Amino acid sequence: MSGPLLLPTRNQLEATHPHVVATMRAYLAQVACVLRPGSVTGADLALRSFTTYLAAEHFGPQRVRDVDRPRSRASRPGSQPAPDRRVCCTDG
């Protein structure tokens, strides 16, 4: 079995995160109007992967608007918190 087949389907994810899946379906329907089918499939894969991560690691967020930056950054393998890189025009 390949990676995409190991991920839960949207119907399976809907059991734990129905509002996230509803947003995901609406987004995929919108991008399907302008993107090629392969791009929509790739977006679906990325969204299912992220929702699977939310279901496994963060039970709290039940809507997309509940997902904050630390949760989204933590979903990337090997990611570290972003350093504070404020640059001022007077910095050398």
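General observations
- Any hit, segment 57-72, residues being assigned to a loop (DSSP other than H, G, I, E, B), of a type in the set (A, V, I, L, M, F, W, C) and either modelled with pLDDT of 85 or more or surrounded by 14 or more Cβ atoms within 10 Å (Cβ to Cβ) (or both): yes
- Close pairs (7 angstrom Cβ cut-off, 6 or more residues apart or separate chains): over 9 Å from T51 (Cβ atoms) in segment 8-24, part of a loop (DSSP other than H, G, I, E, B) anywhere: H19/Q62; H19/R63
The values are calculated or read from the model by the stated rules, or taken from the named source; none is laboratory data. Just so it is clear, the model here is predicted, and its values are computed rather than measured. Backbone-built Cβ (ideal geometry, glycine too); neighbour counts: all protein chains shown.
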